[in-house]
Number of protein chains: 2
Amino acid sequence: MVQVMRDAHSAESRPYHHGDLRRALVDAARRLLEAEGPSALSLRAVAREAGVSPAAPYHHFKDKAELLDAVAHEGWEMLNARMAEAKAAAEGRQQLTALGIAYVCFAREHPALYRVMYDAARDKEMLPIEMEDGSDDSAYCRVRDTMIEHGADPTAETDLELATIASWCAAHGLAEMAGFKQFEHMKDALGGEQQFIAAVLQHMGLFPHTHRD
Amino acid sequence: MVQVMRDAHSAESRPYHHGDLRRALVDAARRLLEAEGPSALSLRAVAREAGVSPAAPYHHFKDKAELLDAVAHEGWEMLNARMAEAKAAAEGRQQLTALGIAYVCFAREHPALYRVMYDAARDKEMLPIEMEDGSDDSAYCRVRDTMIEHGADPTAETDLELATIASWCAAHGLAEMAGFKQFEHMKDALGGEQQFIAAVLQHMGLFPHTHRD
DNA sequence: CGTCGATCTGAGCGGCGTCAAGATATCTTT
DNA sequence: AAAGATATCTTGACGCCGCTCAGATCGACG
């Protein structure tokens, strides 16, 4: 992003050194992912898409997994931004529901990306730093803090953490299952996938601490 | 299936025709899966494990995905059996919690198998028939019926179905996330993974229809 | 201008999923 | 029991994959 295409060689002549191949590779991977699905996401295909040789990516990523990590990283940032918007746009205890809906809808709008995000997490058996407690602006903190704002007891730490984890797991489960054909008739009956998602979230007793509000 | 090992050749001499290669392949795949993880599960490796050429499986399965489907199928049957046990062993409204715990614990005890089960489902965007409403003895029916037994209104069909779906999604989400290292300190604080699972399930407000009982 | 390090290419390794052709065992018919 | 049909397994090959390494090319810096 900082470096632009060098002009030592013209833009046409494909300079031997790419301006910012790392950036280009991640973008190409995202493009391929959303266009052709996870199965089409090979390192060679990404290199092809970026117009470089199959070995070039190895100067920017240790291996394929590290490239996917970078793609996943951007995914988490997109998700964080989406949830920040959702909270800002809602009011009162509606904010928690809005966060849940935003989470699931993001996953449904970018299913291949969401899959890459969680596959990377599962392989390392840990969530990326962007979603952790310590990270500022993380979705985890956003949910937990919103719970506190709307009546949860901030001194009951274990309860608060369990409630946050429970909400997260529930949203993730719904995110992965909402696309299944078995629920098609239910979505139709409720007037669309978004309504279905909202209805299931409601039935989950999400964010139990807010019930007393 | 029907055929047993023919005795024209002795059991030692590796007859040209395998007795029941289909069965042997599925078993080999399960063995490889649980021993080496999903990444080691190649068609060629399965054939190797079964002592047969790489092309042999194609006389029993259309492609690799169909083999994995067969493995997944067995997984769902194991899960159904596990949940049936869990319900039988519990009493009263404890049964619903027992079902949830059984589901998540199964997934945690067989993480690679559980992953294959859901990957197969996601690729087809539908749950396997064993888990559907129509199928007798399905986990879906078991959960829904147990809800009815413990006070849910069987005439409020939409509500009942939404509640069942919500429970399922929540359990699935927890099943996939319970292994993450971020929750390690929580598991320690609660005295183990099983306690952690039970605590999160409790916080999920699972099976809301039973709350009035 | 020359050197050095970073970047990219080309060739190549072994492994993968899959397929076609041929070999071999079993089943069926006579 | 012989013969043909059928199911099963092997061999060999194709193209794609992730990954490595030697060497070509370029930018920066002395």
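The values are calculated or read from the model by the stated rules, or taken from the named source; none is laboratory data. Note that this is a predicted model, so its numbers are computed, not measured. So basically every Cβ, Gly included, is an ideal-geometry build from the backbone, and we count neighbours across all protein chains shown. Areas reflect the complete protein model, heavy atoms only, side chains present, ligands, DNA and RNA absent. Shrake-Rupley method; radii C 1.70, N 1.55, O 1.52, S 1.80 Å.
Things to note:
- Remark: spin-label model distance A:ARG31-B:SER42 equals 3.1 nm, labels positioned 7 Å along the Cα→Cβ axis.
- For q = 0.08, 0.12, 0.17 Å⁻¹, Debye-computed log10 I/I(0) when each Cα of chain A counts as one equal scatterer: -0.36, -0.73, -1.15
- Estimated dipole of chain B in Debye, rounded to 20 [Cβ of Lys and Arg +1, of Asp and Glu -1, Cα centre]: 760
- Within a Gaussian network of chain B (alpha carbon springs, distance under 10 Å), most fluctuating of B:MET117, B:MET177, B:MET83: B:MET177
- Label point 7 Å beyond Cα along the C-beta direction, distances from A:GLU157 to other copies (nm, shortest first): 5.0
- Highest-MSF residue in chain A out of A:HIS59, A:HIS110, A:HIS150 [GNM, Cα springs under 10 Å]: A:HIS59
- Computed over neighbours whose Cβ is under 11 Å from that of B:LYS124, the net charge equals -2, Lys and Arg +1, Asp and Glu -1.
- For the residues B:GLU184, A:GLU193, a 1.4 Å probe over the protein chains yields an accessible-area ranking, largest first, of B:GLU184, A:GLU193.
- Considering all different alpha carbon pairs of the range A:136-176, the Kirkwood hydrodynamic radius works out to 10.5 Å.
- Net +/- balance of residues flanking A:SER42 in space, Cβ distance below 13 Å, scoring K and R +1, D and E -1: 0
- For chain B, carbon and sulfur atoms together expose 51% of the accessible surface, with a 1.4 angstrom probe and every protein chain in place.
- Springs join every pair of Cα atoms under 10 Å in this Gaussian network model of chain A, and among A:ALA90, A:ALA178, A:ALA170 the largest mean-square fluctuation is at A:ALA90.
- Computed from the alpha carbon positions, the gyration tensor of the protein assembly as shown leads to an equivalent ellipsoid with semi-axes of 36, 35, 18 Å, biggest first.
- In the A-B interface, the accessible area buried, summed over both sides, Å² (probe 1.4 Å): 3800
- Theoretical FRET efficiency, 1/(1+(r/R0)^6), r = Cβ-Cβ of B:GLU77 and A:ALA88, R0 51 Å, to 0.05: 0.60
- Rounded Å value of the spacing that divides the Cα centres of the range A:21-83 and the range A:95-125: 18
- Per-copy distances of the A:LYS124 label point, shortest first, in nm (7 angstrom along Cα→Cβ): 3.4
- Local net charge near B:ALA65, Cβ-Cβ under 14 Å (Lys/Arg +1, Asp/Glu -1): -2
- Between this copy and the others, label points of A:ASP20 are 6.0 nm apart in ascending order, each placed 7 angstrom from Cα in the Cβ direction.
- The relative contact order of chain B, computed from alpha carbon pairs under 8 Å that lie at least 6 residues apart in sequence, is 18 percent.
- Computed with a 1.4 Å probe over protein heavy atoms only, the accessible surface of the range A:63-115 comes to 41 Å² per residue.
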